[in-house]
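Notes follow once the structure below has been shown.
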Amino acid sequence: MSSSFEQNEAYLIRVAFTCPECVAEVTRRAGLDTRAYVNMQQISPGMAAFVIEVSQTHDELGKLLAAIGYARRGKSLDELTPGIEVLEDDGCVWRKELWFATNTDPRHVVALIQHIKLEAAWLGSYLPREMAAVQYFAFPD
């Protein structure tokens, strides 16, 4: 196997088994008030998305979020104004979207709600204030 594969595999293993208490302690020591915001947004006239945005992160948490599909974006303003791509880290959040068509079978939407709740609970374990730092239907300051 190539060394790049081994390096990538080692990186994924390290990220996959990151200690939640360790990440929370790094956040605490850095003096960050890391929070997760869970919302629903209209992406286009026929599309909506459940969105999680994580603010005030450090490198270790950022690496974990990037490995599971989050991307750096500007903060969302409201349900109709998602964050835009930005070049600087200032004021950025880590964002993950779960899209669905607005005419999707309601059972599928309920399944997405369950998924987003599970992800928010998992994410809360990495935050110093745990689930108290996860806010539903609120947007980053």
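Among the conditions (1) touching a strand residue (DSSP E or B) at 6+ places or on another chain (Cβ under 6 Å); (2) without any contact (Cβ under 8 Å) to a residue 40 or more places away in the chain; (3) of a type in the set (K, R), the only one that R107 does not satisfy is (1). Return the total of residues in segment 63-82 being of a type in the set (S, T, N, Q) and surrounded by 19 or more Cβ atoms within 10 Å (Cβ to Cβ). Total satisfying the criteria: 1.
When E85, E60 are checked against the criterion of being surrounded by fewer than 16 Cβ atoms within 10 Å (Cβ to Cβ), closer than 29 Å to T18 by Cα and of a type in the set (D, E), E85 stands alone in meeting it.
A Cβ distance below 6 Å, combined with a sequence gap of six or more or placement on separate chains, defines the contacts here; from segment 62-82, residues that are touching a residue at least 12 places away in the same chain (Cβ under 8 Å) reach residues that are among the β-branched types (V, I, T) in the pairs K63/V15; L64/V15; L64/T18; A67/V15; G74/I84; G74/V86; K75/V93.
This table checks each residue for (1) out of contact with any strand residue (DSSP E or B) (no Cβ under 6 Å at 6 or more places or on another chain); (2) at pLDDT 85 or above.
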residue	(1), (2)
A10	yes, no
E21	yes, yes
A24	yes, yes
A48	no, yes
I52	no, yes
Q56	yes, yes
G69	no, yes
K75	no, yes
V93	no, yes
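The values are calculated or read from the model by the stated rules, or taken from the named source; none is laboratory data. All of these numbers come straight from a predicted model, not from anything done at the bench. Cβ sites come from the backbone with ideal geometry, for glycine too, and all protein chains shown count toward neighbours.
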